Amino acid sequence: MKQIIALMVNGDTYEVAVPPWKTLLDVLRDNLGLMGTKRGCAIGTCGVCTVIMDGKAILSCLALAIECSGKSITTIEGISSPESLHPIQKSFIENGAIQCGFCTPGIIMTTKALLDEKPQPSDDEIKEALAGTFCRCTGHIKIMEAVKKVT
């Protein structure tokens with residue numbers, strides 16, 4: 001049986017009818033058409049599906065949509081404007097921290113949550129925050145550099 005929930009995503013409120021087992025990731029992609037949040041492992045080990053909920057980075061593949069009702073959710077689509085990229089996105093491009101781009105939205109959202117909490121994180125704090133993300137193309141050296149150089 002479906003339940004109607006209200007999701008606040010990127011500053012807009014959406015009412016969505018969802019079955020109790022549907023994940024936030026599925027609702028974002030299938031119901032709201034927000035395709036920037038990717039489906040990776042679907043078991044919470046790669047970080048590809050990371051979004052920010054109430055200021056904290058979460059894995060949307062593990063979050064049931066009904067548990068997210070009334071929460072403030074930000075996806076990769078919500079951090080920049082059509083006119084300009086977010087400083088994190090710019091830094092990733094300028095520092096070669098992206099290649100295929102599949103994992104990039106999740107890593108950027110993880111980085112944003114970190115920098116919102118700690119604008120000048122240490123190397124260890126960056127490593128700890130990124131420990132739940134996985135990039136097969138670049139590895140994490142360029143990503144670390146990009147995070148440190150965000151202005």
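The values are calculated or read from the model by the stated rules, or taken from the named source; none is laboratory data. This is a predicted model, so every value here is computed, not measured. Glycine gets a Cβ as well: all are built from the backbone with ideal geometry, and neighbour counts include every protein chain shown. For accessibility, only protein heavy atoms count, side chains too; no ligands or nucleic acids. Shrake-Rupley method; radii C 1.70, N 1.55, O 1.52, S 1.80 Å.
Over all directions, average the projected area of the Cα convex hull of the stretch 51-109 and note it in nm². All intermediate terms of the calculation are to be shown ahead of the outcome.
Working: hull surface 18.8 nm².
Computing the convex hull of the Cα atoms and averaging its projections yields 4.7 nm².
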Problem - Sequence-distant residues sharing a close amide H with S72 (under 5 Å, placed H) - result: D54
Practice task
Report the accessible area of R29, computed with a 1.4 Å probe over the heavy atoms of all protein chains in place, in Å² rounded to the nearest 10.
Solution key: 50
Handout entry: Dipole axis of the chain (+1 Lys, Arg; -1 Asp, Glu on Cβ), positive-most option in I76, A113, W21
Key = W21
Practice task
Report the net charge of residues surrounding R39, where surrounding means a beta-carbon distance below 10 angstrom and charges are Lys +1, Arg +1, Asp -1, Glu -1.
Solution key: +1
Problem - the chain: relative contact order as a whole-number percent, Cα under 8 Å and 6+ apart - result: 25
Completion exercise
Residue-ordered couplings for the stretch 137-148, obtained by feeding phi - 60° into the Karplus form 6.51 cos²θ - 1.76 cosθ + 1.60 and rounding to whole Hz (Gly and Pro as x), are 8, 9, x, 10, 5, 5, 5, 4, 4, 5, 4, 5
Problem - Nearest-10 value in Å² for the accessible area of S122, using the 1.4 Å probe - result: 50
Fill in the blank from the handout: Computed about the Cα centre, the charge dipole of the chain from +1 Lys/Arg and -1 Asp/Glu charges at the Cβ has a magnitude in debye, to the nearest 20, of 340
Exercise for the section: Between C61, C46, C137, find the one with the highest GNM mean-square fluctuation for the chain; connect C-alpha pairs within less than 10 Å. Expected result: C137
